[in-house]
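**Student:** The structure is given below, and queries will be raised subsequently.
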Amino acid sequence: MIIRKAPRFRYSEITPRKDDLSRRRFLTAGSLAFGALGAPFAARAGTRLEGIRKSPYSTDEFQTPYKSVTTYNNFYEFGTGKGEPSENARNFRTNPWSVSLEGEVVKPKTLDLDTVMKLAPLEERVYRHRCVEGWSFVIPWVGFPLSALLKQVQPTPKAKYVAFQSFYDPKQMISPREAHIDFPYIEGLRLDEAMHPLAILAVGIYSEILPPQNGAPFRLVIPWKYGYKSIKSIVKVRFVEKQPPTTWNLEWPQAYGFYSNVNPNVDHPTHSQAEEVRLGRTYFGERIKTRMFNGYDEVAGLYKGMDLRKYY
Ligand code: MTE
C-alpha cells in the first residue's frame, strides 16, 4: 500500500467485468450450500452463503465486479503487488480457525469459526470501500455488526479501545523483510467506533464465502475509514485502555494516523485525498470527489469536538 514516491496504481491491473458471469455460474453449480445458522462451516471460498438479509445500510451504487474485488488486493502477508494475494493465498488454510477475545474483559473467551459464523444473522452490506492510495470500490459484503462479536465478552470499565491482530504464519506468508512492514498486521479502533452499527465483521462477498485474498475467514469492514483499517484474517481482539499501535501508523505516522477517517480535506504527504477513482464500471474508472467519512455522515457524532486535521 505504501508507495512513498509513486503512489498511483496501474489501471491495467484492473480486470473489467467480462468473465464474471461464467465464473459465478461455475461456482453455483459446484458449490455446497449451507445455512448460516445451520450446518458446520465449510470454509471454502466460492461456497454460497444462504439466508442473507438485505440491509438498509447498503448503497445502490454500481457494484465493482467480483473479478476486480478478488484480484486487486492489499494483503501484504501474501505479497505487496495488487495481483499477488489472489495468486499466493490460494492454499491459505482458514479452517480450523479461532479468535480470542481478551484484555480488559471480565472473562476472556476463544471462539471457533463455527461459533463466529452463527453469532448473528448474515446481512448483505453494499459499502463504498476507499483505499488511501486513491481508488475505490463498491462491494456487497456479507457479514454482521462487529458489535455482535464484541458483545461475547464483558469489557471492564477500563476498556476504551479495541486492538485487532491478523494471523501470521511465516510458512504460508512472506517475511516482514520482503513485505517492508512488520507482522502480524495490527489495527485498532476506539470502542465506540467499533460498536457503531456500520462497522461489520465480514465473512463473505457477493453472497459467497470470503476468498482468502479478501481476508478469510473474517475481517473488519469500517466503511468510513481508509481501507487499511479493515484488518483481515483476524485471530485476536484485545480490549485495552490506551490507544493501541497500528501497522501503518508505526510505519509512517505522518501519513497514517490512528483515526484514518476518509477526509478530502487532509492530504496524504504524497498526494491529494480530494478525489478518488471509482473502479469497475468503466475500463479506466471514473474520477469522483471524495466525501467526508466516505459519505457515511451518520458517524460524524463519534468525532464531535475533535479537530479532524489533528486526528487524521
Ligand atoms: N489486513 C492485513 N492483515 N494485511 C494487509 O496487508 N491491507 C489493508 C486492509 N487489511 C491489509 C489488511 C489495506 S491497505 C486495504 S486497502 C484493505 O485491506 C484491502 O482490502 P481488499 O483487498 O479486500 O480490497
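**Student:** Mind checking which residues of segment 85-99 are out of contact with any Phe, Trp or Tyr (no Cβ under 6 Å at 6 or more places or on another chain) and buried (at least 16 other Cβ atoms within 10 Å of the Cβ)?
**Tutor:** S86, F92, T94, W97, V99
**Student:** I've got another one for you. With the requirement that a residue be away from the ligand (no atom under 15 Å from the Cβ) and aliphatic (A, V, I, L, M), what does segment 228-279 give you?
**Tutor:** Within segment 228-279, V240, V266, A274 qualify.
**Student:** What are the pairs, 6+ residues apart or on separate chains, where a residue within segment 66-94 that is on the phi < 0 side of the Ramachandran plot and of a type in the set (G, A, S) has its Cβ under 8 Å from a residue that is surrounded by fewer than 21 Cβ atoms within 10 Å (Cβ to Cβ) and part of a loop (DSSP other than H, G, I, E, B)?
**Tutor:** Close Cβ pairs satisfying both conditions: S68/T15; S68/P16.
**Student:** Sticking with this structure for a sec: Going by what's in this entry, would A148 be described as touching a strand residue (DSSP E or B) at 6+ places or on another chain (Cβ under 6 Å), in contact (Cβ under 8 Å) with a residue 24 or more places away in the chain and more than 16 Å from the ligand (Cβ to nearest atom)?
**Tutor:** no
**Student:** For residues that are more than 19 Å from the chain's Cα centre (by Cα) and in contact (Cβ under 8 Å) with a residue 40 or more places away in the chain, scanning just segment 291-305, find the one that is nearest to W135 (Cα to Cα).
**Tutor:** E298
**Student:** If you don't mind, another one. Can you find a residue in segment 216-223 that is under 29 Å from E104 (Cα atoms), within 11 Å of the ligand (Cβ to nearest atom), among the small types (G, A, S) and crowded, with 24+ Cβ neighbours inside 10 Å?
**Tutor:** Yes.
**Student:** Condition first: within 30 Å of T282 (Cα to Cα) and in contact with a strand residue (DSSP E or B) (Cβ under 8 Å, 6 or more places away or on another chain). Can you find one or more residues in segment 161-178 that meet it?
**Tutor:** No, every residue in segment 161-178 fails to be within 30 Å of T282 (Cα to Cα) and in contact with a strand residue (DSSP E or B) (Cβ under 8 Å, 6 or more places away or on another chain).
**Student:** Now for a separate question. Give me the strands (runs of 3 or more DSSP E) completely within segment 227-312, filtered to those with at least 1 residues that are within 30 Å of P155 (Cα to Cα), ordered by residue number.
**Tutor:** Qualifying strands (runs of 3 or more DSSP E): 234-240.
**Student:** Can you pull out every residue in segment 100-133 that is out of contact with any Lys or Arg (no Cβ under 7 Å at 6 or more places or on another chain) and either small (G, A, S) or within 16 Å of the ligand (Cβ to nearest atom) (or both)?
**Tutor:** A120, R125, V126, Y127, R128, H129, R130, C131, V132, E133
**Student:** Then there is this: For segment 182-199: of the residues being in a loop (DSSP other than H, G, I, E, B), in contact with a helix residue (DSSP H, G or I) (Cβ under 8 Å, 6 or more places away or on another chain) and within 9 Å of the ligand (Cβ to nearest atom), which is farthest from P65 (Cα to Cα)?
**Tutor:** The residue in question is F183.
**Student:** While we're here: Looking at segment 177-184, is at least one residue crowded, with 20+ Cβ neighbours inside 10 Å and out of contact with any His (no Cβ under 9 Å at 6 or more places or on another chain)?
**Tutor:** Checked against the condition, which is being crowded, with 20+ Cβ neighbours inside 10 Å and out of contact with any His (no Cβ under 9 Å at 6 or more places or on another chain), segment 177-184 yields no hits at all.
**Student:** Give the residues of segment 151-177 that are of a type outside the set (A, V, I, L, M, F, W, C) and touching a residue at least 40 places away in the same chain (Cβ under 8 Å), sorted by residue number.
**Tutor:** Q152, Q154, P155, T156, K158, K160, Y161, Q165, S166, Y168, Q172 - these are the residues of segment 151-177 that are of a type outside the set (A, V, I, L, M, F, W, C) and touching a residue at least 40 places away in the same chain (Cβ under 8 Å).
**Student:** A202: touching a strand residue (DSSP E or B) at 6+ places or on another chain (Cβ under 8 Å), within 11 Å of the ligand (Cβ to nearest atom) and in a loop (DSSP other than H, G, I, E, B), yes or no?
**Tutor:** no
Bear in mind these aren't lab numbers, they're just calculated from the coordinates by the rules spelled out. All values derive from a computational prediction rather than experimental measurement. As a convention, Cβ positions derive from the backbone with ideal geometry for all residues, glycine included, and neighbour counts pool all protein chains shown.
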